[in-house]
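Just below is one structure, and these are the notes that go with it.
Coordinate-derived values only; no laboratory data. Small disclaimer: the values here were computed from a predicted structure and weren't measured. Note that we place each Cβ from the backbone using ideal geometry, even for glycine, and neighbour counts take in every protein chain shown.
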Amino acid sequence: MRGFLVLESGDVFVGEILEEYAGTTTAKSDGSSKTGTNLPKDEPSKYGTTTGKTDEPSKYSTTNPVLAELVFTTGMSGYQETLTDPSYAGQMICFTAPHIGNTGVNSEDIESIGGEKIYPNAIILKEKPTQSSSWRSENEFSKWLAQNNTVCLYGVDTRKLTLILREYGSLKAGIFSGVSLINDAKNDLPNDAIDIVRNQNSMEGSKFVDEVSVKSVTNYPSKIGKHSQYCDLNSKQNCNTYEVALIDLGIKANSINNLNMRGCNVTVFPNTTNINELTQKDFDGVFFSNGPGDPATAINEIALLSEVLKRKIPYFGICMGNQLLTHALGFSTKKMKFGHRGINQPVKEVETSKVYITAHNHGFASNLPLSDSEIQAGKKIKSPKGFGDVIVSHYNLNDNVIEGIKCLDIPAFSVQYHPEAAAGPHDAENEFDKFIDLMRNNNVPNKNAGDK
């Protein structure tokens, strides 16, 4: 089935909608839609195959298009982990790597918790997904997309599309198909389709956390023991277990796994949790996860974190957890032009001057009143909310975006990138070790796994 990717810039890309897909949809209140519809097949015609004006009158259907913010990711591997990352809710992804799906899918690489789920509204590919070839594969990629009602538009010039996103930034977009709308012998895009794309809600001001967070409290016990690389049972060193409260803003499974493997009993709470509910148990630390949408809309979550900081409970946040710490300290966040998405972002740690290759998925970033040189020098800045001195702990070597902040007077720190990094790289997993050290130095552990 012929498909049209329409950008708010007026650019059009023509491709094919994956045949295995046969979903239906209703538009959501935020102007986006998760799946497409059973639209009529395209009539034979000659169409432009790249961006800009088409060669003949363009034919589109404006019935239930797939709408979302279009972003690109540069990872050449880990597509299954990417698609099951809740942080991509409300977006469609252009993969810059041409071959996606060629190793199939499996149950081990699912990052969503509480059941397998694909979060992006749609994906854009250069090549059609082919039959998988991997000993780990349990399902074909195309069938998996269909089972999750996820639209795939392939045959698109993703290199040219990425260059447009680099120039304009992340754009509102829509995928249309069918022949119900004919643009009377004009060689440009029907205004109806452009209006539909442009009138959808912006990512700024959006809140998707409510959609992706768990609805009830769930427990994930520590995995420390004789098989743990983090515990020496003979000397009983590093065998303590800790009670960690995790606020789910769109958590990835490997974050929980990293905490479990380091001796943490993890209690996952919904994003609607308040401080009274959280403090019914004496937790050693609090962890705020990654998540989708605009962090400035997370008013209740920021209020909860402020209470955690006031009580000096050790805190660690990643991705949105970093952005919410920024807000709780009294600073702000900003929408980035096209964000960081992929698994090859170089990040420098200010204190050690070490450079880590890291995984990213964020369109917002911390906005502290510091110059690039002050960020790179680790200059101290006072928290406007009275939480003492704060420094930038990490920054991106590509564009100097703040990638981590550390509080000097309270036990709290966060990073913007993904140290859990499924499917890699694993350079920055030591951030979880820092969290363990923070809890060890501030609290008495609840148990000792070495006695088991």
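Here the Karplus relation 6.51 cos²θ - 1.76 cosθ + 1.60, evaluated at θ = phi - 60°, turns the backbone of segment 335-345 into coupling constants of 7, 7, 4, 9, x, 10, 9, x, 10, 9, 8 Hz, with x for every Gly and Pro. Positive contributions from Lys and Arg (+1) and negative ones from Asp and Glu (-1), summed over other residues with Cβ under 14 Å from the Cβ of Val286, come out at -3. Multiplying the residue separation of Ser133 and Lys379 by 0.36 nm and subtracting their alpha-carbon distance yields 83.5 nm. How fast does segment 313-452 diffuse by Stokes-Einstein, in µm²/s, taking the Kirkwood radius from C-alpha pairs at 4 °C and 1.567 mPa s? The calculation lands on 84 µm²/s.
Spin-label model, Ser371/His426: points 7 Å from Cα along the beta carbon direction are separated by 4.2 nm. Take the Cβ atoms of Asn400 and Asn274, set R0 to 45 Å, and the FRET efficiency comes out at 0.80. Spin-label pair Lys215-Glu116: with each label point 7 Å from Cα along the Cα-Cβ axis, the two points sit 2.2 nm from one another. A DSSP coil position with no more than 11 other Cβ atoms inside 10 Å describes the following GluC sites (Glu not before Pro) in segment 346-381: Glu351. Here segment 209-451 is treated as a sphere whose radius is the Kirkwood value from Cα pairs; by Stokes-Einstein at 4 °C and 1.567 mPa s it diffuses with a coefficient of 72 µm²/s. For segment 312-386, the spread of Cα positions along the three principal axes, ordered from largest to smallest, is 36, 27, 24 Å. Separation of the alpha carbons by more than 26 angstrom is noted, of Lys172/Lys382; Lys207/Lys385; Lys117/Lys348; Lys379/Lys434; Lys117/Lys215, for Lys172/Lys382; Lys117/Lys348. R0 = 30 Å: FRET efficiency of Val355 with Gln147, Cβ-based, nearest 0.05? Computed FRET efficiency for Val355 and Gln147 comes out at 0.15. Annotation: peptides 303-309, 3-9, ranked by per-residue average of other Cβ atoms within 10 Å with the highest first, follow the order 3-9, 303-309.
Extending 7 Å from Cα along the Cβ direction at Lys312 and again at Thr297 yields two label points whose distance is 3.7 nm.
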